[in-house]
Amino acid sequence: MVSVRLPDGSVRQYDAPLTVAQVASNISTSLGKAALAGKVDGKVVDTSFLIERDSDVAIVTDRDPEGLDVIRHSTAHLLAYAVKELFPDAQVTIGPVIENGFYYDFSYKRPFTPDDLVAIEKKMAELAKKDEQVTRKVLPRDEAVAYFKSINEHYKAEIIASIPSNEDVSLYTEGNFTDLCRGPHVPSTGKLKVFKLMKLAGAYWRGDSKNEMLQRVYGTAWTKKEDQEQYLFQLEEAEKRDHRKLGKQLDFFHFQDEAPGLVFWHPKGWTIWQQVEQYMRRKYQENGYQEVKAPQILDASLWGKTGHWENYRENMFVTESENRSYALKPMNCPGHVQIFNSDLRSYRDLPLRYGEFGQCHRNEPSGALHGIMRVRGFTQDDGHIFCTNDQIEPEVVAFHQQAMEVYKDFHFENIDVKLALRPDNRIGDDEVWDKAEEALRSGLRACGVTWTELPGEGAFYGPKIEYHLKDSLGRPWQVGTMQVDFFMPGRLGAEYVADDNTRKTPVMLHRAIVGSLERFIGILIENYAGALPMWLAPQQVSILNISDAQADYCKALESRLRKLGFRVAADLRNEKITYKIREHSVQKVPFILVVGDKERDANTVAVRARGNIDLGVMSIDALVERLEKDVATKA
């Protein structure tokens, strides 16, 4: 007798062991047809899995997240099957599931072409329509090695040979194709209906540049056609919004080989930077922060005390002078502790809040660099709060409220809060980590927010609250953070005089709202597709004359608007007005003012808002009122 407990709590009794597929069909014929896999005691398994003892069982369909993973995994095998059908001499290697899809690496005598991708995808569709059964068998390791050698799949044989000799391995077969895999897989290829091959790339065997360069084929797979169409649309939109492309098109910044991972900011891009920095500076001042500036280079001994030299050295730029080792700071916190230590502090001084737009350098791998989103030199809106244990919760609450105000001003309304907990590589004992993690939980509870916990993703010196915002395409970006640190102040000798006249070590809270300004500006560029709100736009107003007869009027208007604080430029070139309007529209200027004889004589302007919106003719006073309102409300 086998008892099966279903997710709704009901229990079904069976006289003999049975498969997941049989359980699904026993529940209903439609569920039996829809079953892609099963979950037995929490583990995802094939529908052919035999249930031999009392178990918790759930049927996985295309409505479940696990179902989508099974589909993508199985589609990767379908890709390999199709490649072997079209290119029998190709050797298959590995093909895992990745975010939004899968890939498979192949060894072949010539590079695949875009035309090959079309042919492979067509063959995949043909094979899927055959609805061939996917079957699993288990072999001893050495027998599996011999099998793959016999069919000239030497990469597979090498993979299996690295498995301990006393272990069995599982193989999956569909039609004429057999592959090594742990599974699970769909019961038949007919379940694979929505997929698309995306691109080709190169990849070294086992990720080692000394090995052969393989050919990687990327693909995507979904349960519904409309989901795939939405994903492809988002990819197309993301391509249009790529901050690297827009940064060049709109003349914001550039990179060059002489400074890898470092940004050359152009006047327009630096104007955006200044708007973000000055806005955040005002937020500092409004919330009781004192702005400071610490050195860029600090002695290695200081980084040794903080734990960075031991835990983070590979990410630091190191230099020497007069037989002393130094490092460019990868973060600002040790410098702020030195400023705290420069004077005797009292409990009456706490909480003491320091803020710095501190430039940091991290030795990121060249392959990880990505425009201004991932760089080697960046500036943070960094702040550190020195406080007592009792002050942690109110400081977390105040920071949360401040962060939410900032994100709202930048028009990010969808924010996920996460709590990253202790990593394996950390300093300090578990008792202190328990205290630190619970302090942040307490602060979040006081904020009245829900959060997700991320085990193992905290910093080596403390847990942290993370703020993940979603942009206009629904893509998540981790920006702000609040970290509680019981270790660094003590390691660096920070003390204050308590109310009982004893010396105590303060708690240090590390906080940032936008994080790296470079990265945040990249997010803004992509979120707005380069069409930044009026208050952030590098050029807010363009004044265009129709002929030379309006040039003096345009110059006078430009001067007046500039004195009022607007970023404005007059385009007085001898070009057709339609050409000038088009050019300034491409540059995504929020307001274009067109001046002809009629407007000049009436002391007015014809106003066009971004997006080719005709606002009609306005007096100068009405125009100024409109511009000031858009800036003030951050419209």
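The values are calculated or read from the model by the stated rules, or taken from the named source; none is laboratory data. These numbers come from a predicted model, not from an experiment. Note that we place each Cβ from the backbone using ideal geometry, even for glycine, and neighbour counts take in every protein chain shown.
Brief remarks on what is shown
- Residues of the stretch 148-162 that are aliphatic (A, V, I, L, M), without any contact (Cβ under 8 Å) to a residue 40 or more places away in the chain and more than 14 Å from Val138 (Cα to Cα): Ile151, Ala157, Ala161.
- Taken over the stretch 186-216, the criterion of being within 21 Å of Glu153 (Cα to Cα), touching a helix residue (DSSP H, G or I) at 6+ places or on another chain (Cβ under 6 Å) and in contact (Cβ under 8 Å) with a residue 24 or more places away in the chain is satisfied by Glu212, Leu214.
- Flag for Ala531 being outside any helix (DSSP H, G or I) and of a type in the set (Gly, Ala, Ser): yes
- Number of residues in the stretch 483-504 that are of a type in the set (S, T, N, Q) and either crowded, with 22+ Cβ neighbours inside 10 Å or under 16 Å from Asp343 (Cβ atoms) (or both): the value is 1.
- Subset tally (residues that are surrounded by fewer than 20 Cβ atoms within 10 Å (Cβ to Cβ) and either in contact with a strand residue (DSSP E or B) (Cβ under 7 Å, 6 or more places away or on another chain) or not small (Gly, Ala, Ser) (or both)) for the stretch 460-480: 9
- If you go through the stretch 146-174 and keep only what is hydrophobic (A, V, I, L, M, F, W, C) and over 40 Å from the mean Cα position of the chain (by Cα), you end up with Ala146, Ile151.
- Single match in Gly335, Gly358, Gly367 (criterion: in a helix (DSSP H, G or I) and within 24 Å of the chain's Cα centre (by Cα)): Gly367
- Contact map, the stretch 470-489: first residue touching a residue at least 60 places away in the same chain (Cβ under 8 Å), second residue of a type in the set (Lys, Arg), Cβ cut-off under 6 Å, separation 6 or more or different chains; pairs are Pro476/Lys470; Met482/Arg511.
- Selected residue [closer than 23 Å to Asp227 by Cβ and surrounded by fewer than 17 Cβ atoms within 10 Å (Cβ to Cβ)] from Lys149, Lys122, Lys109: Lys122
- Residue count, the stretch 186-219 (criterion: polar (S, T, N, Q), outside any helix (DSSP H, G or I) and within 16 Å of Tyr81 (Cα to Cα)): 2
- Boolean, Glu277 is among the charged types (D, E, K, R), under 23 Å from Arg362 (Cβ atoms) and touching a residue at least 24 places away in the same chain (Cβ under 8 Å): yes
- Residue selected from the stretch 242-279 under the condition assigned to a helix (DSSP H, G or I) and among the small types (Gly, Ala, Ser), by the criterion surrounded by the fewest Cβ atoms within 10 Å (Cβ to Cβ): Gly269
- Selection within the stretch 338-373 - of a type in the set (Lys, Arg) and within 24 Å of Asp242 (Cα to Cα): Arg362
- Residue match in the stretch 129-146 (condition: assigned to a helix (DSSP H, G or I), at pLDDT 95 or above and surrounded by fewer than 18 Cβ atoms within 10 Å (Cβ to Cβ)): yes
- The stretch 415-438 - residue that is touching a helix residue (DSSP H, G or I) at 6+ places or on another chain (Cβ under 9 Å) and touching a residue at least 60 places away in the same chain (Cβ under 8 Å) and, of those, surrounded by the fewest Cβ atoms within 10 Å (Cβ to Cβ): Asn425
- In the stretch 608-635, the residues that are more than 17 Å from Glu558 (Cβ to Cβ) and touching a residue at least 40 places away in the same chain (Cβ under 8 Å) reach residues that are surrounded by 14 or more Cβ atoms within 10 Å (Cβ to Cβ) and among the charged types (D, E, K, R) with C-beta atoms within less than 8 angstrom, at least six apart or across chains, in these pairs: Arg610/Lys588; Lys634/Asp409.
- Count of the stretch 233-267 residues which are closer than 17 Å to Asp471 by Cα and out of contact with any Gly (no Cβ under 9 Å at 6 or more places or on another chain): 7
- Of the residues Arg573, Arg562, the single one that is assigned to a loop (DSSP other than H, G, I, E, B), of a type in the set (Lys, Arg) and surrounded by fewer than 17 Cβ atoms within 10 Å (Cβ to Cβ) is Arg573.
- Number of the condition not met by Arg519 [criteria: (1) at pLDDT below 95; (2) charged (D, E, K, R); (3) surrounded by 22 or more Cβ atoms within 10 Å (Cβ to Cβ)]: (1)
- Tally, over the stretch 380-394, of residues that are in contact with a Gly (Cβ under 9 Å, 6 or more places away or on another chain) and surrounded by 20 or more Cβ atoms within 10 Å (Cβ to Cβ): 6
- Residue identified as aliphatic (A, V, I, L, M) and either under 30 Å from Thr93 (Cβ atoms) or at pLDDT 95 or above (or both) among Val11, Val60, Val2: Val60
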